[in-house]
1. Farther than 13 Å from B:TYR31 by Cα, of a type outside the set (Ser, Thr, Tyr) and more than 14 Å from every other protein chain (Cβ to nearest Cβ) - does that describe any residue in the range B:93-110?
2. Based on what the data block shows, is A:LYS54 at the interface with chain B (Cβ under 9 Å from one of its Cβ atoms) and outside any strand (DSSP E or B)?
3. Which one of the conditions (1) buried (at least 21 other Cβ atoms within 10 Å of the Cβ); (2) modelled with pLDDT of 95 or more; (3) not β-branched (Val, Ile, Thr) does A:LYS96 fail to meet, given that it meets all the rest?
4. Across the range A:18-50, what is the number of residues that are surrounded by 13 or more Cβ atoms within 10 Å (Cβ to Cβ) and either farther than 12 Å from A:LEU75 by Cα or in contact with a helix residue (DSSP H, G or I) (Cβ under 6 Å, 6 or more places away or on another chain) (or both)?
5. Right, A:ASP59: within 21 Å of A:ASN7 (Cα to Cα), of a type in the set (D, E, K, R) and surrounded by fewer than 20 Cβ atoms within 10 Å (Cβ to Cβ) or not?
6. Restricted to the range A:27-51, and to residues that are within 11 Å of chain B (Cβ to nearest Cβ) and outside any strand (DSSP E or B), which residue is nearest to the chain's Cα centre (by Cα)?
7. Among the residues of the range B:24-42, which ones are touching a helix residue (DSSP H, G or I) at 6+ places or on another chain (Cβ under 9 Å) and either among the charged types (D, E, K, R) or not in a loop (DSSP other than H, G, I, E, B) (or both)?
8. Among the residues of the range B:9-39, how many are farther than 19 Å from B:PHE106 by Cβ and within 11 Å of chain A (Cβ to nearest Cβ)?
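The values are calculated or read from the model by the stated rules, or taken from the named source; none is laboratory data. Given the structure is predicted, the values throughout are model-derived calculations rather than measurements. Neighbour counts run over all protein chains shown; Cβ positions are idealised from the backbone, glycine included.
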Amino acid sequence: DQQVKQNSPSLSVQEGRISILNCDYTNSMFDYFLWYKKYPAEGPTFLISISSIKDKNEDGRFTVFLNKSAKHLSLHIVPSQPGDSAVYFCAAWGLKSGAGSYQLTFGKGTKLSVIP
Amino acid sequence: EPEVTQTPSHQVTQMGQEVILRCVPISNHLYFYWYRQILGQKVEFLVSFYNNEISEKSEIFDDQFSVERPDGSNFTLKIRSTKLEDSAMYFCASRIETVGGEKLFFGSGTQLSVL
């Protein structure tokens, strides 16, 4: 069951332009959302998060938007830099359907390539 | 900045052998996790550990798996008899209990290859 979905496995963006990574979720019990960045041969690194009571959170070049009614969130990176090239995972924290407990559930990830 | 450390970074083993993956979580964290990522697939939850006991485990975490916190710093994942399908990158993670504790800090992973 894919409770967190990242439908774009890859994205290519020119340096300096905006990168928009999308994530959809199906479980209305999720109440906290996180984006992680992962380089090859490294563990996921926390990037930015948003609580379900907010619709936007900004940290430097990174902004996360949450649309609860659509069960959709997005990560905007502007301007994009070559060092941003990595796999980005959307993750949702909350009571997982069928599990009866709080868990962090990951999407499959989107590989971002920023072209110089 | 404190970090979660994992050893070894790579582990190659024969099918049927036991492996122990080691992790040192961040010192003031109270919740500990193991996740894994099979090549090309998503990061999957295996088990969570709190107050010296398993608090939740996934269907992947069967009787071949066990976790232990043998002392105040280490957190280990043991696979008793490895199978080919256990080949994956295994990530340890930890978090604090207080406000902001939703953020998991991950180690750099152990790449397990079962031959």
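1. The answer is no; no qualifying residue exists.
2. Working: at the interface with chain B (Cβ under 9 Å from one of its Cβ atoms): no; outside any strand (DSSP E or B): yes.
Answer is no for this residue.
3. If we test A:LYS96 against (1) buried (at least 21 other Cβ atoms within 10 Å of the Cβ); (2) modelled with pLDDT of 95 or more; (3) not β-branched (Val, Ile, Thr), just (2) comes out false.
4. Filtering the range A:18-50 down to residues surrounded by 13 or more Cβ atoms within 10 Å (Cβ to Cβ) leaves A:18-27, A:29-39, A:42-50.
Subsequent filtering for residues that are either farther than 12 Å from A:LEU75 by Cα or in contact with a helix residue (DSSP H, G or I) (Cβ under 6 Å, 6 or more places away or on another chain) (or both) retains A:25-27, A:29-32, A:38-39, A:42-46.
Total satisfying the criteria: 14.
5. no
6. A:PRO44
7. Within the range B:24-42, the first condition is being touching a helix residue (DSSP H, G or I) at 6+ places or on another chain (Cβ under 9 Å), and the residues that meet it are B:36, B:38.
Passing the criteria: only B:ARG36.
8. So the answer is 0.
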